[in-house]
Number of protein chains: 2
Amino acid sequence: MNTQPLAASGGETALAIVCGGGTLPFALADAVMRRGRKVVLFPLHGWADPQRVLAYPHHWLRLGQASRFMRIASEHGCREITFIGSVLRPSIWKMLPDWRALQLLPQIIKLYRGGDDHLLTGIGRLTEQFGYRLVGVKEIAPELAMPRGLLGRHAPSERDCADIVRGLALLNATSPFDIGQAVVVADNHILAVEGPEGTDQAIARVAELRGNGRIHSPAGTGVLIKAPKIGQDDRIDLPAIGPPTVETSAAAGLAGIAVVAGSTLLAEPERIAAAADRAGMFVIGVDADGTQP
Amino acid sequence: MNTQPLAASGGETALAIVCGGGTLPFALADAVMRRGRKVVLFPLHGWADPQRVLAYPHHWLRLGQASRFMRIASEHGCREITFIGSVLRPSIWKMLPDWRALQLLPQIIKLYRGGDDHLLTGIGRLTEQFGYRLVGVKEIAPELAMPRGLLGRHAPSERDCADIVRGLALLNATSPFDIGQAVVVADNHILAVEGPEGTDQAIARVAELRGNGRIHSPAGTGVLIKAPKIGQDDRIDLPAIGPPTVETSAAAGLAGIAVVAGSTLLAEPERIAAAADRAGMFVIGVDADGTQP
């Protein structure tokens with residue numbers, strides 16, 4: 001690991017990182033530390049990796065522990081906070097609100113009436129009500145985002161490129177409805193639109209529909225396309241891909257994956273590229289309108 | 001059954017009815033015969049009900065038997081043709097094209113590059129190339145379409161009405177992409193967008209997501225909303241609901257079903273109403289913008 005301090009990305013105080021699942025929280029912590037800034041991790045029970053957090057200053061949180069978070073963050077002098085890693089939309093009934101969260105409960109319940117983006121953006125705003133600055137991964141560590149161009153050695157065909165443009169146009173159209181950030185398109189035909197089931201389940205549906213003959217585009221065609229919602233607060237809930245995304249897509253017989261460059265987080269880019277190369281799939285970062293480098 | 005002849009709905013010659021699955025083909029045949037017009041059924045192997053066709057003049061077809069269809073239709077003097085009943089997008093490899101269909105094969109293959117609407121509209125146009133007039137169910141037997149207003153005794157709540165408006169707006173936005181004609185919305189949150197898996201599978205997904213805690217709107221909330229694609233040829237592929245739609249929706253804990261009045265076919269409306277009443281669900285016909293009577 002590169003331990004040279006880089007330029008600090010604003011704010012001299014330790015960065016509070018609220019961590020969901022996956023490897024991205026640790027990639028972010030490392031990137032911030034490389035810039036010479038301290039971090040304090042707040043891993044979420046049930047989501048964050050208990051082994052990997054051991055390497056960092058950390059304090060476990062349960063959903064709803066707003067008072068605990070504020071007390072510890074204040075002890076560390078944290079003024080800036082970021083959210084990263086997977087957390088499925090939690091059941092409001094599974095929250096164990098402490099007294100601070102209890103005060104917020106009416107606002108939280110209101111947030112639950114709406115899509116995921118609505119919920120996450122709202123939680124971000126609540127955070128700011130208490131005087132924290134919410135910072136996004138793009139701002140702190142842009143190197144965690146997908147670059148423009150290819151990640152492995154395979155490139156999309158002309159047909160794949162047409163599917164990418166079509167998929168981005170569809171995501172554009174559904175964006176105001178605050179639903180999923182992914183679609184699968186094969187040969188101009190929409191095979192799946194992600195809902196609250198998540199990207200992996202939407203891809204698995206394509207595998208199933210191919211298996212039972214309900215869709216007929218041959219294996220080796222079809223692109224998973226992911227894009228951030230238009231107008232969403234990009235400090236929160238950027239789409240992400242990792243090696244499992246490639247494996248699930250390969251199992252569904254897709255030709256590749258296209259994501260919006262600069263606005264999609266990459267977990268373990270080297271492993272993504274290796275998995276894509278093994279599967280004969282492309283992984284590409286494109287502009288939001290499908291333009292390629 | 002009412003056997004009084006009604007006013008003939010244009011064309012004195014027998015109507016050729018190409019029949020997919022379900023009960024709608026027979027409801028249509030009865031409605032046409034009540035108007036004093038003859039029918040010739042062309043049930044599709046693998047889709048149409050072999051018992052129920054026995055009550056009508058009929059000639060079985062396999063997918064791809066274009067020459068056979070044209071020969072028999074001409075013997076009966078049919079000039080008008082309609083398509084009705086469920087046929088899932090068939091595999092082009094399962095077609096057994098006869099010589100006439102073989103001539104069309106390049107055009108049919110081109111149609112396969114696109115969504116379902118593209119395919120169906122294209123097949124309709126091919127039919128007209130051979131001098132048949134393609135007629136829609138709305139034109140021949142408007143009484144098979146959902147009327148405005150309630151079908152059973154339950155009515156949507158204010159929240160359900162808001163969900164209906166949101167669902168129709170989403171279907172409006174996805175319509176140019178030629179995907180499914182159904183969405184499920186609960187409490188302002190999009191729970192499912194139908195893709196090629198079909199309406200029943202999309203509803204089943206909601207049941208599953210509720211079962212495993214991925215979505216949290218309580219049972220008794222959520223509306224299945226179906227609408228025809230905007231600008232689609234409404235002589236072909238109108239959305240349809242039947243008693244199984246109600247049963248699947250009830251199993252997913254939905255509050256009700258909303259469809260666009262006049263543009264959604266009803267299979268067995270009395271059984272739909274009875275099933276909805278038993279399940280405590282509403283079934284309503286609304287305008288395309290969600291306006292209710």
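The values are calculated or read from the model by the stated rules, or taken from the named source; none is laboratory data. Small disclaimer: the values here were computed from a predicted structure and weren't measured. Virtual Cβ from ideal backbone geometry, glycine too; neighbours counted across all protein chains shown. Side chains are part of the model used for accessible areas, which takes the heavy atoms of the whole protein and leaves out ligands, DNA and RNA. Shrake-Rupley method; radii C 1.70, N 1.55, O 1.52, S 1.80 Å.
Does A:Val165 qualify as being modelled with pLDDT of 95 or more and at the interface with chain B (Cβ under 10 Å from one of its Cβ atoms)?
no
Considering segment B:183-196 alone, what residues qualify as being within 7 Å of chain A (Cβ to nearest Cβ) and of a type in the set (Asp, Glu)?
Passing the criteria: only B:Asp187.
For (1) away from chain B (no Cβ under 12 Å); (2) in contact (Cβ under 8 Å) with a residue 60 or more places away in the chain; (3) more than 21 Å from A:Glu143 (Cα to Cα), each residue gets a yes or a no:
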residue: A:Gly198; (1), (2), (3): no, yes, yes
residue: A:Pro228; (1), (2), (3): yes, no, no
residue: A:Gly231; (1), (2), (3): yes, no, yes
residue: A:Thr245; (1), (2), (3): yes, no, no
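State whether one or more residues within segment A:210-221 are closer than 17 Å to A:Ile284 by Cα, at pLDDT below 95 and within 11 Å of chain B (Cβ to nearest Cβ).
Yes, the conditions are met somewhere in segment A:210-221.
Would you check if B:Pro218 is open to solvent by 20 Å² or more (accessible area, probe 1.4 Å) and under 24 Å from the mean Cα position of the chain (by Cα)?
So B:Pro218 does not fit the description; no.
So which residues in segment B:146-165 are on the phi < 0 side of the Ramachandran plot and surrounded by fewer than 20 Cβ atoms within 10 Å (Cβ to Cβ), if there are any at all?
B:Pro147, B:Arg148, B:Leu150, B:Arg153, B:His154, B:Ala155, B:Ser157, B:Glu158, B:Arg159, B:Cys161, B:Ala162, B:Val165 - these are the residues of segment B:146-165 that are on the phi < 0 side of the Ramachandran plot and surrounded by fewer than 20 Cβ atoms within 10 Å (Cβ to Cβ).
Residue-by-condition table, conditions (1) buried (at least 19 other Cβ atoms within 10 Å of the Cβ); (2) in contact (Cβ under 8 Å) with a residue 60 or more places away in the chain:
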site	(1), (2)
A:Ala251	no, no
A:Ala258	yes, yes
A:Ala261	yes, yes
A:Thr264	yes, yes
A:Arg271	no, no
A:Ala274	no, yes
A:Asp277	no, yes
A:Ile284	yes, yes
A:Ala288	no, yes
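Please verify whether A:Glu197 is out of contact with any Pro (no Cβ under 8 Å at 6 or more places or on another chain) and modelled with pLDDT of 90 or more, treating the condition exactly as stated.
no
Residues in segment B:134-153: is at least one out of contact with any Pro (no Cβ under 7 Å at 6 or more places or on another chain), of a type in the set (Lys, Arg) and at pLDDT 95 or above?
Within segment B:134-153, one or more residues are out of contact with any Pro (no Cβ under 7 Å at 6 or more places or on another chain), of a type in the set (Lys, Arg) and at pLDDT 95 or above.
Consider A:Ala173 against the criteria (1) in a loop (DSSP other than H, G, I, E, B); (2) open to solvent by 20 Å² or more (accessible area, probe 1.4 Å): it satisfies all of them except one. Which criterion is unmet?
Only one criterion is unmet by A:Ala173, namely (1).
Cβ contacts < 6 Å: first residue among the basic types (Lys, Arg), restricted to segment B:57-77; second residue part of a loop (DSSP other than H, G, I, E, B) and open to solvent by 50 Å² or more (accessible area, probe 1.4 Å), any location; separation 6+ or different chain. Result?
Correct list of pairs: B:Arg62/B:His45; B:Arg62/B:Leu96.
Criterion first (within 16 Å of the chain's Cα centre (by Cα) and crowded, with 24+ Cβ neighbours inside 10 Å) does B:Gln201 satisfy it?
No; evaluated as a whole, the condition is false for this residue.
Can you find a residue in segment A:183-195 that is surrounded by fewer than 24 Cβ atoms within 10 Å (Cβ to Cβ) and among the small types (Gly, Ala, Ser)?
No, segment A:183-195 contains no residue that is surrounded by fewer than 24 Cβ atoms within 10 Å (Cβ to Cβ) and among the small types (Gly, Ala, Ser).
Regarding A:Leu224, is this residue closer than 23 Å to A:Ala267 by Cα and crowded, with 24+ Cβ neighbours inside 10 Å?
yes
In segment A:169-182, what residues are more than 9 Å from chain B (Cβ to nearest Cβ) and within 22 Å of A:Glu247 (Cα to Cα)?
Within segment A:169-182, A:Gln181, A:Ala182 meet the criteria.
List pairs: first in segment B:154-168 and farther than 22 Å from A:Ser175 by Cα, second in a helix (DSSP H, G or I), Cβ under 8 Å, 6+ apart or cross-chain?
Pairs found: B:His154/B:Ala276; B:His154/B:Asp277; B:Pro156/B:Ile164.
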